[in-house]
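Here the structure comes first, spelled out in C-alpha cells, and everything after it is commentary.
Values in this text are rule-based calculations from the coordinates and carry no lab data. Quick caveat: nothing in here was measured; it's all calculated off a predicted structure. Using ideal geometry, Cβ is built from the backbone for each residue, glycine included, and neighbour counts are taken over all protein chains shown.
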Amino acid sequence: MADNRGHLIPMYVVADESGSMTAHLDELNDGLASLHRALLGEPMAAAKVRFSVLGFSNSVSVRMRLADLRQENELPRLTTYGGATSYLEAFAALRNQIPQDVTALKQEGYAVYRPAVFFLSDGQPNPGEDWEEEHRRLTDRSLTLGAPNIVACGIGDAEARTILDVATSNDYAFVAVPGVELGATVAKFCTALTTSVIQSGLSLGTDRAELVVDKPEGFRMAIDVV
C-alpha cells in the first residue's frame, strides 16, 4: 500500500518497575496522565504519535501498545511487585516489538519516522547480564527495522556512565542532580517527556521533522558527570 495516510513517529516509554521504584511510581503515573491531558489539547501533535508504555523489572510488561492517545480515555498505570532491574529484558522486548510495530504501521499506509524510546531507571542493570549486546542489536540499523533513538534518564543509583551507554547520543543522556528529591525528578522527567512528544509530533507536519529532546529540570547531562 502506498504511503498516503501521513507520517507517524512511534514513541515508547520504558520505565523501571523494580522494587526500588515503588516510592516513585505515583509521580510517574501522575506525570503520564498529565502528558495525556496535554496531548489531548494538542490534537495536531497527538495525531502524529503512536504511544507505547513498557514497564520492566525481571521481566517486561507491555502496558500500552501503538495507542492513538486521542482515542484513549486514560493511560495505564505502572506498578511494581518487586524484582530487580533487567536492562537485558527491556532491550530484548523492544527489539522484538519495534520491527513489528513499524511493519504494522507501514501496512496501514503510514510513512514511519525513526521510533523514539524514553528510558527511565533508578538503578544499575542486573549484574552478569550481557545487556550491552542486546542494546547493540536493538540500535543497529542494519539488524533491526526501526532501530530507535534512545533518550535515557537516570535517577537514584543509576550511574552516569551506564546512562550514557543506554542513550544513542550523548545529547540524549541525563542524570538527576544529586540532592534533588527523587519524586520531583520523576515528575520533571514527565514534564520534559510531554514537551518532547508534543514538539516532535508538531515537527512532523513541517519540512523540518525531528526528534525534539527537552532536558528535564533537575537533571544534568550525563556526559558532564563522567
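For this structure, a couple of remarks:
- Highest GNM mean-square fluctuation among V180, V53, V213, for the chain modelled with Cα contacts below 10 Å: V180.
- Sequence-separation-based contact order of region 7-224, relative, with Cα cut under 8 Å and 6+ spacing, percent: 24 percent
- Label reach from T103 (point 7 Å along Cα→C-beta): in region 17-56, no amide nitrogen lies under 15 Å.
- Coarse-grained scattering of the chain at q = 0.15, 0.17 Å⁻¹, given as base-10 log I(q)/I(0) from a Debye sum over alpha-carbon atoms: -0.95, -1.25
- Around S59: net Lys/Arg minus Asp/Glu count, Cβ-Cβ under 10 Å: -2
- All-pairs alpha carbon distance profile, region 124-194, 10 Å steps from 0, percent: 19, 44, 30, 7, 0
- Between the helical axis of 182-203 and the longest alpha-carbon principal axis of the chain there is an angle of about 20 degrees.
- Projecting label points 7 angstrom from Cα along Cα→Cβ for A111 and R137 puts them 3.2 nm apart.
- C-alpha long axis of helix 25-40 to longest principal axis of the chain, angle in °: 20 degrees
- Principal axis analysis of the Cα atoms in region 174-226 yields extents of 41, 24, 8 Å, listed in decreasing size.
- Amide H to amide H, with H built 1.01 Å from N, S57 comes under 5 Å of E17, S86, counting only residues 5 or more places away or on other chains.
- Spatial separation of Cα centroids for region 63-104 and region 119-164, in angstrom: 15 Å
- Fluctuation leader among G154, G201, G83 - the chain, Gaussian network, Cα springs under 10 angstrom: G83
- Global geometry of region 16-123, whether rounded, prolate or oblate, following the gyration tensor of its Cα atoms and the 1.5 cut on a/c: oblate
- In degrees, nearest ten, helix 87-107 long axis to first principal axis of the chain (Cα): 10 degrees
- D171-A209 pseudo-label distance in nm [points 7 Å out on the Cα-to-Cβ vector]: 1.9 nm
- A crude spin-label estimate for the pair N96 and S34, with each label 7 Å from Cα along the Cβ direction, gives 3.4 nm.
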